[in-house]
Amino acid sequence: MQKLLKNKLVVFLALAVIIYILWDVFYTYVIGGYTNIDNAVSFNLAYISNGMLQMFGYDSVVDYLRMEDFIIVRMTDSIYPGVRIGNPCNGLSLFGLFASVVIAFPSQRKDKWLFNYHKLWFIPLGIVFIHLINAIRIAILTVIASYNFEALNFNHDVTFKIVTYAIIFILWYFWINKFSGFNFKKNKRNETVG
C-alpha cells in the first residue's frame, strides 16, 4: 500500500476522483437542491447562444416554459421545437470535472511550495472558455434542429461531446505543460537516458 501511495500518478488520479465526487455531491445536494444556479447558467447560455445566432443573421428567440421548467433556443421561422437547455447540458458538471483535474495535478514548480497560484486564474478562465464553447455548441445545435432535426440527436450525443471533451483535454494539456512545472520532453529524455 505504501508503494502505491508513493506513485504520483495513482495519488493524482485518486485525488482527482475524490475532488470530483465531492463536487458532484455538492452539486447534486446543495446547488441543485437549494439554489437557482442551474437555471441562471442555462439562461445565460441561452441568451449568449441567441445573441450569436442573431449576430449571424438568424431570427432566433429564447423561450421559457415555466410549467416544464424548460429553456429553449429556437428559430422563429422553423416548425421544429428548437434546443432545450437542461441542467445536464448547461456545463456545470464539466466545470467541476475540469477544475478537479487542475486542482489535483501536483505542482512541480521550484518557485512554489505547496500551491501553484496559477490555478487561481487558470480555473476561472478555463470555466469561462468551456462556457463559451458550450454556447457555441447550443447555437450550432439550434441551427441543426431547425434545418435537419433528424441529425440533432447524433450531433448532441456524439459530435459535440467529442469536441467538448477534446477541448477540455487540450486545456488540461496546456495546464500541465505551461503552468504545472511538469515537462513531458524532459521526463521522456530522463526515461530514455536512465
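The values are calculated or read from the model by the stated rules, or taken from the named source; none is laboratory data. Small disclaimer: the values here were computed from a predicted structure and weren't measured. Cβ sites come from the backbone with ideal geometry, for glycine too, and all protein chains shown count toward neighbours. Quick note on the areas: whole protein, heavy atoms, side chains included, nothing else; ligands and nucleic acids left out. Shrake-Rupley method; radii C 1.70, N 1.55, O 1.52, S 1.80 Å.
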Net charge dipole size for the chain [Lys, Arg +1 and Asp, Glu -1 on Cβ; Debye, nearest 20]
1560 debye
Taking Trp121, Trp175 and ranking on accessible area (1.4 Å, protein atoms only), highest first, one gets Trp121, Trp175
Pick out the long, greasy-scoring helices in the chain: whole DSSP H runs spanning 24 Å or more along their own axis by Cα, mean Kyte-Doolittle at least -0.5.
8-26, 37-55, 119-147, 160-178
Please compute the per residue accessible area over region 29-75 with all protein chains in place, 1.4 Å probe, rounded to a whole number of Å².
61 Å²
